[in-house]
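Novice: Sharing a structure, written as structure tokens. Questions coming.
Read-outs: derived from the displayed coordinates by stated rules, not from any lab. Note that the structure is a prediction, hence the values are computed from the model and not measured. Here the Cβ positions follow ideal geometry from the backbone for every residue, glycine too, while neighbour counts run over all protein chains shown.
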Amino acid sequence: MRVSYSKIGGLRMTLNIAVCIKPVPDSRYYNKIIIDPKTKCVNRDEIETVINAMDKNAVEAAIKLKEKNGGKITIFSMAPDNAVKNLRKVLAMGADEAYLCSDKALGGSDTLVTSYVLAKAIQKTGNYDVIILGNQSEDGGTAQVPSQLGEWLNIPHFVNVKSLELEVNKIVAETKTENGSIKFKVRLPALFGVIKDINEPRIPNVMGVLKAKNKPLTIFRATDLDLDEGKIGLKGSPTQVGEIFSPDMKRKSQKIEGAIDEIAEKIIEVIKRAGIGL
Amino acid sequence: MDGYRGILVYCEIKSGKVIENSLELLGEALRLKEKLKHRPEVSALLIGENVQQYIDTVQGYGAEKIITFENDKLKLYRPDYYSEVLTKIIQKYKPEIVLTGATLQGEEIGPCTAKKLNTGMAAHCVEFKVLSDDTFVQVVPAFGGKVLGDIICPNFRPQMASVKAGLMKKAEYNKNNKAVIENYCDEIVGFGDKIEIMEITETSRERKILNKSDLIVGGGFGIGNKNVWRKLETLANALGGAVGCTRPALDEKWTEFEETMIGTSGVAVSPKIYLDIGVSGATQHTCGIKDSGIIISVNKDENAPIFEVSDYKVVEDGEKIIDALMLVTFQKCTFED
């Protein structure tokens with residue numbers, strides 16, 4: 001990849017921004033998730049997909065950069081065909097164009113393969129200065145795709161990013177650590193995995209929704225992407241899923257009743273019996 | 001695949017110490033060694049500037065070999081440098097299993113390294129199993145812990161995995177342990193001057209460490225407001241325990257201590273007593289408390305899912321219970337001391 005801004009007088013630049021998003025089952029309905037006792041597969045058909053929460057932050061971060069500096073936002077996703085509706089929503093937020101990588105041959109892909117496919121789609125469509133992803137997904141939550149995509153593209157990459165500011169040819173960003181933060185400057189192109197702290201994603205307005213209908217949305221099949229066949233899908237994935245199960249965490253749930261002060265006394269009794277000195 | 005042998009634990013250093021999470025992984029690596037027929041050697045990797053000072057610690061907690069990699073460039077954490085070093089070490093020593101903490105650092109350099117080596121990584125595992133044919137199985141949660149899945153990495157090496165703090169037990173410290181020490185040194189290139197670290201901010205704040213507390217008082221959305229949250233903190237303090245929280249309590253800004261969030265995306269805890277108040281019981285949270293000794297739950301909603309995983313159930317208003325517990329605790333202290 002190469003830096004591709006066009007300087008339009010002074011510091012104003014046109015940024016080419018890529019954002020990757022993932023449709024995930026709505027976490028409000030996780031209690032509907034069941035494991036099919038026969039196929040041992042997760043049945044989540046009844047649950048509607050939504051855009052992964054942090055991916056909305058990624059889109060918002062891209063829109064903010066565009067609003068300030070000008071530019072274009074291109075969305076990428078690897079998901080089944082029905083993700084078109086999720087992509088339209090992101091276009092309604094303010095993104096300009098979207099590419100969906102959808103193919104049966106991509107089923108069973110782990111993070112290494114997913115990031116490989118996204119990298120191929122990104123490389124096929126243009127030169128991007130800034131690439132932004134949600135730091136992690138709500139369903140799998142591995143937080144691995146941003147780092148691995150950065151590796152495939154061979155550009156500097158950072159995760160847990162909580163602020164982004166553009167300077168000439170560079171981005172000043174802050175990442176969150178367990179006990180504070182790290183502020184750094186990175187030369188573009190670069191990739192960022194962003195967390196919730198970075199912004200409050202906007203909700204598309206009616207105008208946005210109407211405009212989104214006419215924005216370009218392209219579906220890539222595996223054969224469109226110059227992929228190494230041995231590197232995709234379940235076959236190409238180093239990690240494979242074996243048995244899946246629901247953890248049994250049920251306990252006896254014995255009721256403590258009575259007047260408030262009696263309940264408090266009983267709770268303290270339980271605590272003391274466990275060997276905790278008060 | 002052939003020629004990969006041994007278990008490598010990446011020992012993360014933070015604020016001048018090897019983090020507990022890494023020591024727990026050393027303990028787990030020793031247990032895996034016992035389960036695997038060929039009894040692979042357990043190595044600890046120390047990366048940074050002046051890491052010799054940590055040798056005693058990792059040796060005492062069971063590392064049989066310690067590999068150090070020192071370089072001035074490693075003084076400040078940079079993902080490109082650190083993942084390059086981890087990659088080099090793996091290429092040289094060829095371990096079959098590589099473990100890192102599921103910390104912000106481990107979750108960054110782990111997947112980078114897996115990509116560089118073209119292998120698989122299982123993120124925030126909750127358990128490891130070894131099958132009769134010596135297959136290494138990594139158990140990972142999905143959908144916020146609602147589902148657990150076995151992950152295997154049959155055709156690629158090493159098999160990489162990260163684990164959250166508090167899930168595995170560290171070995172007993174033994175000052176007589178003696179490890180083989182190997183100092184490795186090489187160039188580091190990374191992205192060079194494309195990246196410039198400008199400032200590192202560390203907030204020094206004293207909190208009771210959740211994983212070391214016998215009693216944890218956990219609060220959730222049902223606490224209702226910041227004033228009641230303060231009461232909850234006072235109660236935890238009076239009981240000599242620590243405060244844990246759920247995601248909504250952070251989102252509502254009742255507490256700023258993200259490191260006290262309990263659950264699959266936070267920390268897993270195993271206190272003797274877990275007393276939760278106003279916690280609904282989302283699977284994300286309950287997965288993080290399942291190893292607690294006794295779980296006492298207070299919620300005014302009789303049908304709150306939290307009660308399914310509780311030993312004791314109190315259907316009451318949280319604030320009232322906090323007040324009453326404060327009163328009882330106060331009386332006990334006054335009259336019995």
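Novice: Among the chymotrypsin sites (Phe, Trp or Tyr not before Pro) within the stretch B:169-222, which fall in a DSSP loop and have no more than 14 other Cβ atoms within 10 Å of their own Cβ?
Specialist: Taking the stretch B:169-222 and a limit of 14 other Cβ atoms within 10 Å, the loop chymotrypsin sites (Phe, Trp or Tyr not before Pro) found are B:TYR173.
Novice: Once every DSSP H run of n ≥ 4 in chain B is given -39500 (n - 2.57) and the sum is divided by its residues, what mean residue ellipticity at 222 nm do you get, rounded to the nearest 500 deg cm²/dmol?
Specialist: -8000 deg cm²/dmol
Novice: Setting aside same-chain residues fewer than 8 positions from A:LYS211, which aspartates and glutamates have a Cα under 12 Å from its Cα?
Specialist: Within the straight-line cut-off, A:LYS211 pairs with A:ASP96, A:GLU97.
Novice: Same structure again: Take peptide B:278-285, look around each residue's Cβ out to 10 angstrom, count Cβ atoms belonging to other protein chains, and average those counts.
Specialist: Partner Cβ neighbours, averaged per residue: 2.
Novice: Let me ask something else about it. Quick check on my link table: of A:LYS32/B:LYS300; A:LYS162/B:LYS231; B:LYS116/B:LYS194; B:LYS94/B:LYS116; A:LYS235/B:LYS94; A:LYS235/B:LYS37, which ones sit more than 22 Å apart, alpha carbon to alpha carbon?
Specialist: Table pairs above 22 Å Cα-Cα are A:LYS32/B:LYS300; A:LYS162/B:LYS231; A:LYS235/B:LYS94; A:LYS235/B:LYS37.
Novice: Moving on to the next point. How much of the DSSP beta bridge set in the stretch B:7-194 is antiparallel, as a percent to the nearest 5?
Specialist: Of all bridge pairs located within the stretch B:7-194, approximately 30 percent are antiparallel.
Novice: With +1 on the Cβ of every Lys and Arg and -1 on the Cβ of every Asp and Glu, and nothing else charged, how large is the dipole of the stretch B:11-74 about its Cα centre, in debye rounded to the nearest 20?
Specialist: 320 debye
Novice: Moving on. Between the stretch A:13-63 and the stretch B:237-271, how many Å separate their Cα centres?
Specialist: One Cα centre to the other: 26 Å.
Novice: Here is a follow-up. Before rounding to the nearest 500, sum -39500 (n - 2.57) across all DSSP H runs of length at least 4 in chain A and divide by the residue total; then give [θ] at 222 nm in deg cm²/dmol. Show your work: numbers first, answer last.
Specialist: Working: 7 runs with 76 residues, N = 278.
After summing the helix terms and dividing by residue count, I get -8000 deg cm²/dmol.
Novice: Here's a follow-up. Tell me which GluC sites (Glu not before Pro) from the stretch A:22-81 have a DSSP coil assignment and no more than 10 other beta carbons within 10 Å of their own.
Specialist: Passing sites in the stretch A:22-81 are A:GLU46.
Novice: A further question on this structure: Find, among the GluC sites (Glu not before Pro) in the stretch A:185-262, those assigned to loop by DSSP (not H, G, I, E, B) with at most 15 other beta-carbon atoms within 10 angstrom.
Specialist: A:GLU257
Novice: Return a whole-number percent for the relative contact order of the stretch B:7-194, with Cα pairs under 8 Å and 6 or more residues apart as the contact set.
Specialist: 29 percent
Novice: Taking amide H atoms as placed 1.01 Å from N in the peptide plane, list the residues 5 or more away in sequence, or in a different chain, whose amide H sits under 5 Å from that of A:THR14.
Specialist: Amide H to amide H, under 5 Å and 5 or more residues apart or across chains, A:THR14 pairs with A:SER6, A:ILE8.
Novice: For the protein assembly as shown, give the share of DSSP beta bridges that are antiparallel, in percent and rounded to the nearest 5; count only bridges with both residues there. Let's see the in-between values first.
Specialist: Details: 42 of 117 bridges.
So the antiparallel bridges amount to about 35 percent of the total.
Novice: Below 8 Å between Cα atoms, with a sequence gap of 6+, how large is the relative contact order for chain B in percent?
Specialist: In percent, rounded to a whole number, it is 14.
Novice: Hey, another quick one. Just to be sure I understand the model, the point goes 7 Å from the Cα along the line to the Cβ. What's the resulting B:LYS37 to B:THR203 distance in nm?
Specialist: 5.2 nm
Novice: Here's something else I'd like to know. Please report the relative contact order for chain A, taking Cα pairs under 8 Å with a sequence separation of at least 6, and give it as a percent rounded to a whole number.
Specialist: Relative CO of chain A lands at 23 percent.
Novice: Can you work out the FRET efficiency for the pair B:LYS75 and A:LEU278, with r the C-beta to C-beta distance and R0 = 51 Å, to the nearest 0.05?
Specialist: Details: r = 46 Å, r/R0 = 0.90.
Efficiency for this residue pair is about 0.65.
Novice: Quick one: angle between helix A:111-125 and the longest Cα principal axis of chain A, in degrees between 0 and 90, rounded to 10, please.
Specialist: Tilt of helix A:111-125: around 20 degrees.
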